[in-house]
C-alpha cells in the first residue's frame, strides 16, 4: 500500500463514515448526537476488518453492561466528592483494562463519559439518558463497521482510490503514480 492510500484514502473514508454517522444522528434528531460519531470512530479504527468487528461487538456489549453500571452509580452518587471519587476510580479501571481488553474497558468508559458529559443534569431522567446512549452507541458502531468494511475492502479501495486520483491536478498526479507499487506481474 502506498502513501496515498495510507494517508489520503484512509483519512477520507474515515472522515466520510464519521460525517455520515453525525448526519444520521442529526436526521434522526437524536438528543446526544455527538455520541454517534464517537462510537463510529472507536469502531472504524480497527487495524483489520476482524479487529473492527471485534471492536463493534465489544463496544456494544460493553456499553450495555456499562449502562447498567452507570444507572447504579447515578442512583447512589450524591454529588461533589462522590462524583470526583467515582471519576477517579473509573479512569483508573479504564486505563488498567484498555490495554488488555477493549470490551471490558468499555464497561467503565460508558459510565465515565455519561457522568462527565451529563454532570450538570445528573439525576433528571436517567432512563431516557440510558436509552439515548444505547441507541447512539449502536447506531455509531453499526456505521463505523460499515465504514470499516469499505476501508478494508480491496475492491472498494481500488474503485474509490481511482476516483480520488482523478481529482488530483495533473501536475501532481505523476508524483503519486510514482509512489504506486509495481503490478504483481512485474514483481
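In the stretch 25-37, the residues that are over 16 Å from residue 129 (Cβ atoms) reach residues that are at pLDDT below 90 and surrounded by 13 or more Cβ atoms within 10 Å (Cβ to Cβ) with C-beta atoms within less than 9 angstrom, at least six apart or across chains, in these pairs: 26/33. Counting only residues that are under 13 Å from the mean Cα position of the chain (by Cα) and part of a helix (DSSP H, G or I), the stretch 14-37 holds 12 of them. Screening the stretch 55-94 for residues that are without any contact (Cβ under 8 Å) to a residue 12 or more places away in the chain and within 22 Å of residue 136 (Cα to Cα) and picking the one that is surrounded by the fewest Cβ atoms within 10 Å (Cβ to Cβ) gives 72.
Filtered by the rule that a residue be surrounded by fewer than 20 Cβ atoms within 10 Å (Cβ to Cβ) and touching a residue at least 12 places away in the same chain (Cβ under 8 Å), the stretch 39-54 gives 41, 45, 48, 49, 53, 54.
The values are calculated or read from the model by the stated rules, or taken from the named source; none is laboratory data. What you see is a predicted model, and the numbers here were worked out from it, not measured in a lab. As a convention, Cβ positions derive from the backbone with ideal geometry for all residues, glycine included, and neighbour counts pool all protein chains shown.
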